[in-house]
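S.K.: I have a structure I would like to understand better, so I am pasting it below and will then ask my questions one at a time.
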Amino acid sequence: MILFLLILVISALVQLWLPWWSMLLVAALLSYLAGKSYTHAILSAFLACGIVWLGYALMISGSEGNLMTNRVAELLTLPSSWLLYPISFIFAAVTGAIGAWSGFAIKKFRQ
Amino acid sequence: MHWLRLFLPLAISLLFVYAMNSRIGALPPPGKFFSPFTGFWQNNESGVVTAEEINITGLTGIVKVVMDKNLVPHIFADNNHDLYLAQGYIHAKYRLWQMEFQTHAAAGRISELIGERALPYDRQQRRFGMAFAAECAEEAMMADPMMKEALLAYTAGVNAYLAQLKTAQLPVEYKLLDYQPEPWTTLKCALLLKYMTYELAGRSSDLPLTNILKTYGQSAIDSLFSGTPYVVDPIIPAGTVWDFTPLPVPAQPAGWISEVPVPEDQPAPHPDNGSNNWAVNGSKTASGFPILCGDPHLGLNLPSYWYQMQLVNKECNVSGVSLPGVPTIIIGFNEKIAWSETNVDADVLDWYQVKFRDNRFDEYFYDNQWKKTTKRIEVIKVRGTDAVMDTVIYTHHGPVVAQGDKELMDDDFPKGFAMRWLGHDPSVELKSFLLLNRAGDYKNFVEAMSYFSCPAQNFAYADVENNIAIWVNGKFPLKWKEQGKFLLDGSKPEHEWQGWIPHGHDPHVLNPARAFVSSANQLSTDTTYPYYINWSMDAPRRGHRINQVLEAGTQLTAKEMIALQFDNKNMTADYLLADMIKAVNESALNPSQLQQLQSLKNWNRMAEAGGTEQTVFEAWWKKLNNAIWDDELGKEGLQYPDADITLTTVKFNRNKSWIDNKNTPATEELPALIHQSFIEAITDMEAQYGADVTNWQWAAVKNTHINHLLRIPALSRNHVSTSGNQGIVNATGGGHGPSWRMIVELGKQVKAYGIYPGGQSGNPGSPFYDNMIDPWSKGLQNELLILQDANEKNAAVIATWTLKN
């Protein structure tokens, strides 16, 4: 739970300044420092990173609306613009998971 | 195994980041694009505008930007520098991507953004000398202190916005194509002006006409390609006495016809480019003050060409539309005067046959000696691959566009010919707009006009002193009659342009007896005008209709004028429908054909969105045109005569040898062609849209669409249901039409109305991206907010921004 929260907060903060892949580094670093097992690290990062993106996307949609989201869904020929939310969630979640996997693998290697 | 457990995840991490940070085919890098921190999510916009304080380096005082409910900014500044700096800043804030993309397009730099497939387009822009033209214009503009100040301040404003722009806030098109904006320059302002010049004065029919001359002889030219309108209703009223002593016109040299075998491709003069404007003086209005109206017709794009603004400082208080990328208001009004432009279509682009000494193109023959060419090396950067070099050969006439070796986008340029184009000459149209924005009377207006050279425009003018005027205005070469109608000989000095028509001799009229002025791209003058401007201009169908309505009008108000801009009377049908119906043999029709003919008999000749008669008439008219001309003039490299000639041919049953179909042994007569065309039109309609005529509604068949500049359907509007068509006052066709409609009622307190098919924001994620399309499609207009003071209380104001250093 602590790892999950740490990744959630820190990955959200760094992405305000750094590119999207900074969350991969955050997940790796924190998994290295606080990961208990592969499952624990990967699952924490998967959920934390996914929720950061999903949450922020929902926040924007709440305050600014969905006009661009709808157009992008049409551009990508998606049947519904709501699919962009799970797509963004999965994308960030996978990014975080790969990072956590790498971070925890380094930890294991050094033990 | 131990090592693999380490390296597998690390390798996957690296690969994943690399792959997801790169474009996948035409798709943007998914990592950047889907991120709510930087990607498309950030371009969602609620449209709520709140008061802001913005620091901008370079401002000398405080600038107030008052935003109204249509997102129109009203800029109040102390001086010209601050005014144009703020204008540049606001243009960039709302239209950055469009301004940069259009200047990239002008300069032939699209391959940089989208790769090799834009090379034929870019190469053509380079060969056309677009950057060369912009450089000449920039130099001329920067030599004048007034223009220099405006351009430098405007450029600083755009760059101030760029300096503040965060990645997350980049317009979505940058994210889609994955590139970054570059700093704005004064050259880009010039490029944008040349982009418009090319749109409006970058075409000629010299090549197809030469082909027709060679194929069918002088008699074909005389009967089909000479400027005799079906209805004579010139812009400057017939009989106007010229207030100048004309210069002698150069003598026409002995006949010379280019021997180059030319037929290549169907040429592409844009038949839809047209516009309307008019002004009525107080004797015809309810208020006793003039009303001026204008609606320029252009390709319908998103974001729109135009951006509405009010610009106020101690020198001016001017409202109307601006072109993002250029300082000033281009069509508009201030407290004293109003103006609007339509295109003249002057013949200012001619082709010269050039004889080169050898295939190194170093020298060419001119005036009995060999003259050196200059060469300009163009480097076209191409995304994803090496840059392409192209050498453009310049003679003293201008660049050789088609060298015959490499692929250009259009294939209708005479090969090996040099292009003489007025757009290449140094010019200062910006000065005209700076002066117009500040003009207070007719004298100021005429002075402003004297700086405007290309693309020549019909400027309608009205002022609060009850003067109305129209100038067919531009720099016109002093030509012999019809010089440059055909290809010219580049080795003979007497084939060149011989000088210029003095500005005071441009066709114009002040306060004509009929109490109104108007233009709709038709012939400028009657035959007494001593100079040659072009052999053909648009058929006066729109002009004729406008003049009929204005002639009859009394006690006119904005309401009637708004209706006239949305007038859908099909004048072609008005002229010919009765004759065409008479030629149909009703006993040979089947019941559905008979029913359609019956509807046409009862038709009020209005091209309404929901009607089917316009659809049927249009199909019939097209069939008839093809039936008359296709056998002789449908071949590649030739062209049909203007609509005028077809009107005359059908109305008076002239040109019988052309009516006959050369591909059949029989001799066809006009009534038979009309009858047959009708049956074919109905048959085609039934095949394409089905037997149920409710599917034949004009708006559905016409399908007005407003495409995003990148032609991405998700960013475009398709199926806009609206009336009108080309050749009709409401000239809304499929992808072309009134790009801005404006009505100005002058008076003690000026009142104005306007609308354009788009919205003030260039962001497709904003409700202000396309919010004016629906009211525009119904012919509605917004009352324009005109503020006297930044602190003025008005219900239409939604927020005020303070800009300061």
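S.K.: Answer with yes or no whether B:Gly39 is closer than 28 Å to B:Ala77 by Cα, buried (at least 16 other Cβ atoms within 10 Å of the Cβ) and facing another protein chain (nearest Cβ under 10 Å).
M.R.: no
S.K.: If you don't mind, another one. Please list, ordered by residue number, the helices (runs of 4 or more DSSP H) wholly in segment A:6-111 having 2 or more residues that are of a type in the set (Ser, Thr, Tyr). I'd like the intermediate steps shown before the answer.
M.R.: On the way: elements: A:22-34, A:38-64, A:67-75, A:84-110.
Where helices (runs of 4 or more DSSP H) fall fully within segment A:6-111 and carry at least 2 residues being of a type in the set (Ser, Thr, Tyr), they are A:22-34, A:38-64, A:84-110.
S.K.: Please specify each residue of segment B:220-251 satisfying the condition of being at pLDDT 90 or above and polar (S, T, N, Q).
M.R.: B:Thr240, B:Thr245
S.K.: Go through segment B:509-526 and count every residue that is among the polar types (S, T, N, Q) and on the phi > 0 side of the Ramachandran plot.
M.R.: The number of residues fulfilling the criteria is 2.
S.K.: Restricting to segment B:22-36, and then to whatever is more than 7 Å from chain A (Cβ to nearest Cβ) and either touching a residue at least 40 places away in the same chain (Cβ under 8 Å) or in a helix (DSSP H, G or I) (or both), can you tell me which residue is nearest to B:Tyr94 (Cα to Cα)?
M.R.: Per the stated criteria, the residue is B:Phe33.
Yes/no matrix, rows are residues, columns are (1) in a loop (DSSP other than H, G, I, E, B); (2) under 20 Å from B:Gln749 (Cβ atoms); (3) modelled with pLDDT of 95 or more:
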| residue | (1), (2), (3) |
| --- | --- |
| B:Leu311 | no, yes, yes |
| B:Val318 | no, yes, yes |
| B:Ile329 | yes, yes, yes |
| B:Ala346 | yes, no, no |
| B:Asp358 | yes, no, no |
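S.K.: Another one. Report whether or not A:Leu47 is more than 12 Å from chain B (Cβ to nearest Cβ), among the hydrophobic types (A, V, I, L, M, F, W, C) and closer than 13 Å to A:Phe89 by Cα.
M.R.: It is true that A:Leu47 is more than 12 Å from chain B (Cβ to nearest Cβ), among the hydrophobic types (A, V, I, L, M, F, W, C) and closer than 13 Å to A:Phe89 by Cα.
S.K.: Given the criterion surrounded by fewer than 20 Cβ atoms within 10 Å (Cβ to Cβ) and within 24 Å of B:Pro738 (Cα to Cα), identify the matching residue among B:Gln555, B:Gln522, B:Gln548, B:Gln565.
M.R.: B:Gln548
S.K.: Name the one entry in A:Ser63, A:Ser80 that is more than 10 Å from chain B (Cβ to nearest Cβ), surrounded by fewer than 20 Cβ atoms within 10 Å (Cβ to Cβ) and either out of contact with any Leu (no Cβ under 9 Å at 6 or more places or on another chain) or charged (D, E, K, R) (or both).
M.R.: A:Ser80
S.K.: In segment B:63-79, is there at least one residue being part of a loop (DSSP other than H, G, I, E, B) and within 14 Å of chain A (Cβ to nearest Cβ)?
M.R.: Within segment B:63-79, not a single residue is part of a loop (DSSP other than H, G, I, E, B) and within 14 Å of chain A (Cβ to nearest Cβ).
S.K.: Moving on. Looking only at segment B:8-21, filter to residues that are more than 7 Å from every other protein chain (Cβ to nearest Cβ) and surrounded by 13 or more Cβ atoms within 10 Å (Cβ to Cβ); which one of those is nearest to A:Arg110 (Cα to Cα)?
M.R.: B:Leu8
S.K.: Which residue pairs have Cβ atoms closer than 7 Å, lie 6 or more positions apart in sequence or on different chains, and pair a first residue in segment B:112-125 that is closer than 24 Å to B:Ala418 by Cα with a second residue that is in a helix (DSSP H, G or I) and of a type outside the set (Val, Ile, Thr)?
M.R.: Final answer for the pair search is B:Ala118/B:Ser111; B:Leu119/B:Ser111; B:Asp122/B:Ser111; B:Gln125/B:Ala106; B:Gln125/B:Ala107.
S.K.: Being within 14 Å of another protein chain (Cβ to nearest Cβ) and closer than 30 Å to A:Leu67 by Cα, is that true of even one residue in segment B:741-761?
M.R.: yes
S.K.: Still on this structure, please answer the following. Does segment B:42-56 contain any residue that is part of a loop (DSSP other than H, G, I, E, B), more than 14 Å from chain A (Cβ to nearest Cβ) and not β-branched (Val, Ile, Thr)? Write out each step before concluding.
M.R.: Keep residues of segment B:42-56 that are part of a loop (DSSP other than H, G, I, E, B), which gives B:44-51, B:56.
Filter once more, keeping what is more than 14 Å from chain A (Cβ to nearest Cβ): B:51, B:56.
When the remaining residues are screened for being not β-branched (Val, Ile, Thr), the result is B:51.
Looking for residues that are part of a loop (DSSP other than H, G, I, E, B), more than 14 Å from chain A (Cβ to nearest Cβ) and not β-branched (Val, Ile, Thr), one finds at least one in segment B:42-56, hence yes.
S.K.: Among the helices (runs of 4 or more DSSP H) confined wholly to segment B:549-630, which include 2 or more residues that are under 25 Å from B:Asp644 (Cβ atoms) and either at pLDDT 95 or above or in contact with a helix residue (DSSP H, G or I) (Cβ under 7 Å, 6 or more places away or on another chain) (or both)?
M.R.: In segment B:549-630, B:558-565, B:571-583 are the helices (runs of 4 or more DSSP H) which contain 2 or more residues that are under 25 Å from B:Asp644 (Cβ atoms) and either at pLDDT 95 or above or in contact with a helix residue (DSSP H, G or I) (Cβ under 7 Å, 6 or more places away or on another chain) (or both).
S.K.: Hey, among the residues in segment B:166-189 that are crowded, with 17+ Cβ neighbours inside 10 Å and within 25 Å of B:Lys804 (Cβ to Cβ), which one's nearest to the other protein chains (Cβ to nearest Cβ)?
M.R.: Only one residue tops the list, namely B:Pro181.
S.K.: Another question, if that's okay. For segment B:655-675, check the following and say yes or no: at least one residue is among the small types (Gly, Ala, Ser) and touching a Phe, Trp or Tyr at 6+ places or on another chain (Cβ under 7 Å).
M.R.: First, pick out the residues of segment B:655-675 that are among the small types (Gly, Ala, Ser): B:657, B:666, B:672.
Of the ones still in play, those that are also touching a Phe, Trp or Tyr at 6+ places or on another chain (Cβ under 7 Å) are none.
No.
S.K.: Just wondering, is there one or more residues in segment B:665-672 that are surrounded by 14 or more Cβ atoms within 10 Å (Cβ to Cβ) and within 31 Å of the chain's Cα centre (by Cα)?
M.R.: no
The values are calculated or read from the model by the stated rules, or taken from the named source; none is laboratory data. Worth saying up front: this structure is predicted, and the values here are computed from it rather than measured. So basically every Cβ, Gly included, is an ideal-geometry build from the backbone, and we count neighbours across all protein chains shown.
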